[in-house]
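The block underneath contains the structure these notes are about, expressed in structure tokens.
The values are calculated or read from the model by the stated rules, or taken from the named source; none is laboratory data. Keep in mind the model is a prediction, meaning the values are calculated, not measured. Neighbour counts are summed over all protein chains in view; Cβ atoms, including those assigned to glycine, are modelled from backbone coordinates with ideal geometry.
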Amino acid sequence: MYQDEVLAHRLGLLPVLADPRLFDYPTKLPPGAQLDTIADPKSTLVFELSVKCERPKKKKSQAAQPGQPGQQGQASQPPVPAANEVVYSSKLVWHPIGDQVRRSRQRVCVESYG
């Protein structure tokens with residue numbers, strides 16, 4: 001489990017493959033607006049990351065019974081890895097806002113390493 005700040009920092013390190021000339025740097029916010037509530041197509045890209053890490057549930061038949069393998073002196077089986085234990089940038093999905101699809105010559109994406 002990551003703290004929000006650590007996750008946000010790691011996501012900020014991902015290289016985004018988009019033409020920066022198509023975007024404006026947000027220099028001034030409207031009065032009373034907060035940065036995280038504005039989704040301006042000329043200054044913002046929206047990505048979704050929806051992943052849930054789940055450990056497999058043990059079946060009653062898999063639980064060690066007295067005198068069965070897995071008890072003292074017996075080699076136990078290694079733990080089964082959790083689903084989505086490792087999350088790659090390929091799980092990020094771009095959600096274009098406004099006219100971003102029309103303005104971009106190619107699909108915006110995050111460079112994938114997995």
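Just for segment 20-39: of the residues that are under 22 Å from the mean Cα position of the chain (by Cα) and assigned to a loop (DSSP other than H, G, I, E, B), which one is modelled with the lowest pLDDT? Among residues in segment 20-39 that are under 22 Å from the mean Cα position of the chain (by Cα) and assigned to a loop (DSSP other than H, G, I, E, B), the one modelled with the lowest pLDDT is I38.
Cβ-Cβ distances below 9 Å connect the following pairs, each with a first residue in segment 75-97 that is under 19 Å from T44 (Cβ atoms) and touching a residue at least 60 places away in the same chain (Cβ under 8 Å), a second residue that is surrounded by fewer than 10 Cβ atoms within 10 Å (Cβ to Cβ) and small (G, A, S), and a separation of six or more residues or different chains: S89/G114.
Quick check: anything in segment 78-91 of a type in the set (A, V, I, L, M), modelled with pLDDT of 80 or more and either in a loop (DSSP other than H, G, I, E, B) or over 20 Å from the mean Cα position of the chain (by Cα) (or both)? Looking for residues that are of a type in the set (A, V, I, L, M), modelled with pLDDT of 80 or more and either in a loop (DSSP other than H, G, I, E, B) or over 20 Å from the mean Cα position of the chain (by Cα) (or both), one finds at least one in segment 78-91, hence yes. Looking only at segment 1-19, count every residue that is in a loop (DSSP other than H, G, I, E, B) and either closer than 18 Å to S90 by Cβ or modelled with pLDDT under 80 (or both) and tell me the total. Qualifying residue count, segment 1-19: 7.
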